[in-house]
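The next block holds one structure in the form of structure tokens; read it before the comments.
The values are calculated or read from the model by the stated rules, or taken from the named source; none is laboratory data. Because the structure is predicted, anything quoted here is derived from the model rather than measured. Here the Cβ is made from the backbone with ideal geometry for all residues, glycine too, and neighbour counts use every protein chain on show.
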Amino acid sequence: MLTHEYVYAYAAVSVQDGDLDSLVLPAVNGQCMEVFLAEVATRHPDENIVMVLDGAGWHKSQTMAIPENLHLLNLPPYSPELNPVEHVWDELREKHFHNRAFESLDALEDQLIVGLLALEADRQTVKSICGWEWIISALSNAN
């Protein structure tokens with residue numbers, strides 16, 4: 001019998017400075033998304049955050065509490081390539097999971113946490129892969 005087990009990583013990135021916030025959670029659903037949003041808001045209490053999201057169902061829960069300092073902005077359908085955080089996943093796979101097999105889900109989760117913490121500590125790399133010129137320009141022109 002084939003059994004699938006999963007672990008899920010949530011991440012948000014500031015394209016301007018490469019600041020990355022991540023959290024490993026047991027599921028992808030509205031409750032876990034709410035936990036992640038609260039964590040990001042708590043880490044940045046004095047900032048007004050616009051978080052860009054793709055069309056995943058757990059991003060759109062009608063009952064999800066949105067922290068006061070957070071605004072959610074949904075991308076058009078079928079356009080994940082417009083979300084800079086997608087490149088974080090590419091970097092994580094390439095640098096921390098390339099050609100690796102794990103004995104257990106716990107071992108994989110441990111490696112996932114190591115990779116995410118390494119990226120959180122390396123703002124320059126995150127900024128270089130997520131700080132696209134057109135986004136930075138749009139943000140600069142908005143001020």
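Select from the stretch 25-51 the residues that are in contact with an Asp or Glu (Cβ under 6 Å, 6 or more places away or on another chain) and surrounded by fewer than 16 Cβ atoms within 10 Å (Cβ to Cβ) and list them in ascending order. Working first, answer last.
Looking only at the stretch 25-51, we keep the residues that are in contact with an Asp or Glu (Cβ under 6 Å, 6 or more places away or on another chain), and these are 40, 43.
Passing the criteria: only ARG43.
List every residue pair whose Cβ atoms sit under 8 Å apart, with the two residues 6 or more apart in sequence or on different chains, where the first one lies in the stretch 52-69 and is surrounded by 13 or more Cβ atoms within 10 Å (Cβ to Cβ) and the second, anywhere, is among the hydroxyl-bearing types (Ser, Thr, Tyr) and in a loop (DSSP other than H, G, I, E, B).
That search, which allows pairs on different chains as well, returns ASP54/SER79; GLY55/TYR78.
How many residues are in a loop (DSSP other than H, G, I, E, B) and within 17 Å of LEU112 (Cβ to Cβ) if we restrict to the stretch 1-55?
As a first pass, look at the stretch 1-55 and keep what is in a loop (DSSP other than H, G, I, E, B): 1-7, 14-19, 26-29, 44-48, 54-55.
Among the residues that remain, those that are also within 17 Å of LEU112 (Cβ to Cβ) are: 4-7, 26-28.
Qualifying residue count, the stretch 1-55: 7.
Of the residues GLU94, GLU81, GLU103, only one is surrounded by fewer than 13 Cβ atoms within 10 Å (Cβ to Cβ) and not in a helix (DSSP H, G or I); which?
Answer to the selection: GLU103.
Could you tell me which numbered condition PHE97 fails, if it satisfies all but one of (1) in contact with an Asp or Glu (Cβ under 8 Å, 6 or more places away or on another chain); (2) modelled with pLDDT under 95?
It fails just one condition, (1).
In the list GLU39, GLU47, which residue meets the criterion of being under 20 Å from GLU120 (Cβ atoms) and in contact with a Leu (Cβ under 8 Å, 6 or more places away or on another chain)? I'd like the intermediate steps shown before the answer.
Numbers: GLU47 fails: in contact with a Leu (Cβ under 8 Å, 6 or more places away or on another chain).
When all the criteria are applied, what remains is GLU39.
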